[in-house]
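The values are calculated or read from the model by the stated rules, or taken from the named source; none is laboratory data. It should be emphasised that the depicted structure is a prediction, and the values quoted were computed from it without experimental measurement. All Cβ positions, even for glycine, are placed from backbone atoms using ideal geometry, and neighbour counts span all protein chains on display.
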Amino acid sequence: QPVQLWGGRFSSGPAEAMAKLSSSTHFDWVLAPYDIAGSRAHARVLHRAGLLSAAELDGMLSALDTLAADVASGTFTPTLADEDVHTALERGLLERAGAELGGKLRAGRSRNDQVATLFRMWLRDAARRITELCLDVVDALLAQADAHPDAVMPGRTHLQHAQPVLLAHHLQAHAQAISRDVERLRDWDRRAAVSPYGSGALAGSSLGLDPAAVAADLGFDAPAENSIDGTAARDFAAEIAFALAMLGVNLSRVAEEVIIWVTAEFSYAELDDAWATGSSIMPQKKNPDVAELARGKSGKLIGNVSGLLATLKAQPLAYNRDLQEDKEPVFDSVAHLELLLPAMAGMLGTLRFRTDRMASLAPAGFTLATDIAEWLVREQVPFRVAHEAAGECVQRAEARGIGLDELTDAELAEVHPALTPRVREVLTVAGSIASRNAYGGTAPDRVAEQRDRLRARVAEH
Ligand code: ARG
């Protein structure tokens, strides 16, 4: 027996193409458990407002329990005739509670305030799951940093060798970015913790229902301040879509580096077999597919936030059916990240770094030139002069095909009289790294402190 929530003024049912266009159960059915939770809370406020007797409330709640169990077991599913998750569950309730009692629950609520509330509930749970998965990626990066406290590598700008840094420092830079994604999700949750239930279709309820009680019942901090905004606002969806896209972009930056690191030319690291794939034709291949999928999926996440913003743009207040298009892009972003994040944690956590190779390349490309210039500054040489002198050291070493540390004492003195053999204390990778010991720098103690602070920051909540 199909149920329609709005048949009264119509003399015919919808045309088939109309019904097909309108139907959303193929994606909004995931809201069913939240819809039932909302119905329980709504039944309680109806009772408190004197619109359901104690016996009716009991009957309603037990019918909702049965419905919830049938939804969970798959015994109750939406049909093609159900316009959306709310319509399907209305049918399920009427079947279980009877038309007389079941027909009382819709008083004082609209699918407009329902869906705005349920979507927030679904997203708040999803944000918590994504947060946990992000923390696993942060943990994997920090565990690698713990395992390689002294490993060095060429730090890069413009992808060119720049200055030597600790591998741990570099990995922690990625961990910092993902920790901000975690903070963005936590921060988003505070703004999203507002319940539109009770806003009705747009104007609020006339039945003496208490939106604050429903909000508390459903785990929200407060009811919506403004019923028009409560039903029409979707910035909470766009905002989390952005947070998820930013997370995807941050993951793509780690991913791109892994792809580069495992090339024959770099050979900085090797992928664990469990987190790599082979080729159907080239027997030797070991491909970084996890990282490539991260890079690829970030494109979809960006598309989802821009698509949603385009859907929202210029919609007049309050609810418009356009808003039904709000869910799929965000559900899609969540689904991709729930697949991607565990694989990223696995791949990063099992990456084997070839620290000897990274160490041998750390001074290559004259990465210690800045150290010569800054050492001269500490000897009271003006930086402009020091920069020139260090540049001349590079020129001489390059011409002779040697490293900066291989210049003789005489050559150094020729470049600048202040360049005494004492400069050699910073002409090693370890010396250079140890000298960058200001807050946030690459000196081993500073990097260990950064790690401690990061761990403390993501732990507090
Ligand atoms: N399924 C709709 C959505 O997701 C909610 C239903 C509101 N429909 C309506 N005709 N007011 O936005």
Exercise. Does any residue of segment 345-355 turn out to be without any contact (Cβ under 8 Å) to a residue 12 or more places away in the chain and either surrounded by 16 or more Cβ atoms within 10 Å (Cβ to Cβ) or within 16 Å of the ligand (Cβ to nearest atom) (or both)?
Worked result: no
For this session: Test residue 240 against the stated conditions and say whether it is without any contact (Cβ under 8 Å) to a residue 40 or more places away in the chain, in a helix (DSSP H, G or I) and either under 30 Å from residue 355 (Cβ atoms) or assigned by TED's automatic domain parsing to the domain that holds residue 346 (or both).
Result: no
Exercise. Looking at segment 52-72, is at least one residue within 16 Å of the ligand (Cβ to nearest atom) and among the aliphatic types (A, V, I, L, M)?
Worked result: no
Exercise. Quick one: which of 328, 338, 374 is acidic (Asp, Glu), touching a residue at least 12 places away in the same chain (Cβ under 8 Å), in a helix (DSSP H, G or I) and surrounded by fewer than 16 Cβ atoms within 10 Å (Cβ to Cβ)?
Worked result: 338
Problem set entry | Only one of 221, 217 that is touching a residue at least 40 places away in the same chain (Cβ under 8 Å) and surrounded by fewer than 21 Cβ atoms within 10 Å (Cβ to Cβ) | 217
Seminar exercise, completed: The one condition residue 176 fails out of (1) under 30 Å from residue 370 (Cβ atoms); (2) not in a helix (DSSP H, G or I) is (2)
Seminar exercise, completed: Of (1) modelled with pLDDT of 95 or more; (2) outside any helix (DSSP H, G or I), residue 358 satisfies every one except (2)
Exercise. So which pairs qualify, if the first residue must be in segment 113-124 and near the ligand (Cβ under 9 Å from one of its atoms), the second must be of a type outside the set (Val, Ile, Thr) and not in a helix (DSSP H, G or I), the Cβ gap must be under 6 Å, and the two must be at least 6 apart or on different chains?
Worked result: 116/196
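Which of the residues that make up segment 115-166 are among the β-branched types (Val, Ile, Thr), part of a helix (DSSP H, G or I) and over 30 Å from residue 87 (Cα atoms)?
Once the filter is applied, which keeps residues that are among the β-branched types (Val, Ile, Thr), part of a helix (DSSP H, G or I) and over 30 Å from residue 87 (Cα atoms), segment 115-166 yields 131, 137, 138.
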Exercise. Scanning segment 275-320 for residues that are free of Cβ contacts under 8 Å to residues at least 24 places away in the same chain, closer than 22 Å to residue 333 by Cβ and of a type in the set (D, E, K, R), which turns out farthest from the ligand (Cβ to nearest atom)?
Worked result: 289
For this session: Tell me which of these residue 203 doesn't satisfy, since it passes every other one: (1) within 25 Å of residue 457 (Cβ to Cβ); (2) touching a helix residue (DSSP H, G or I) at 6+ places or on another chain (Cβ under 9 Å); (3) of a type outside the set (Phe, Trp, Tyr).
Result: (1)
Exercise. So which residues in segment 243-287 are acidic (Asp, Glu) and part of a helix (DSSP H, G or I)?
Worked result: 256, 257, 273
For this session: Please specify each residue of segment 52-73 satisfying the condition of being farther than 12 Å from residue 36 by Cβ and acidic (Asp, Glu).
Result: 56, 58
Exercise. Can you tell me which residues in segment 373-414 are within 18 Å of residue 436 (Cα to Cα) and among the β-branched types (Val, Ile, Thr)?
Worked result: 377
For this session: Within segment 179-220, count every residue that is more than 20 Å from residue 105 (Cβ to Cβ), touching a Phe, Trp or Tyr at 6+ places or on another chain (Cβ under 8 Å), assigned to a helix (DSSP H, G or I) and of a type outside the set (D, E, K, R).
Result: 2
For this session: Within segment 78-93, count every residue that is β-branched (Val, Ile, Thr) and either assigned to a helix (DSSP H, G or I) or within 15 Å of the ligand (Cβ to nearest atom) (or both).
Result: 2
Exercise. Across segment 125-148, what is the total count of residues that are β-branched (Val, Ile, Thr) and either under 25 Å from residue 33 (Cβ atoms) or surrounded by fewer than 17 Cβ atoms within 10 Å (Cβ to Cβ) (or both)?
Worked result: 2
Exercise. Any residue at all in segment 34-46 that is over 18 Å from residue 103 (Cα atoms) and within 16 Å of the ligand (Cβ to nearest atom)?
Worked result: yes
For this session: Tell me, yes or no, whether segment 288-306 has at least one residue that is in a loop (DSSP other than H, G, I, E, B) and not assigned by TED's automatic domain parsing to the domain that holds residue 86.
Result: yes
For this session: Scan (1) within 30 Å of residue 13 (Cβ to Cβ); (2) assigned to a helix (DSSP H, G or I); (3) more than 16 Å from the ligand (Cβ to nearest atom) for the single condition residue 75 breaks and write down its number.
Result: (2)
For this session: Please tell me if residue 77 is surrounded by fewer than 19 Cβ atoms within 10 Å (Cβ to Cβ) and either under 13 Å from residue 105 (Cα atoms) or not aromatic (Phe, Trp, Tyr) (or both).
Result: yes
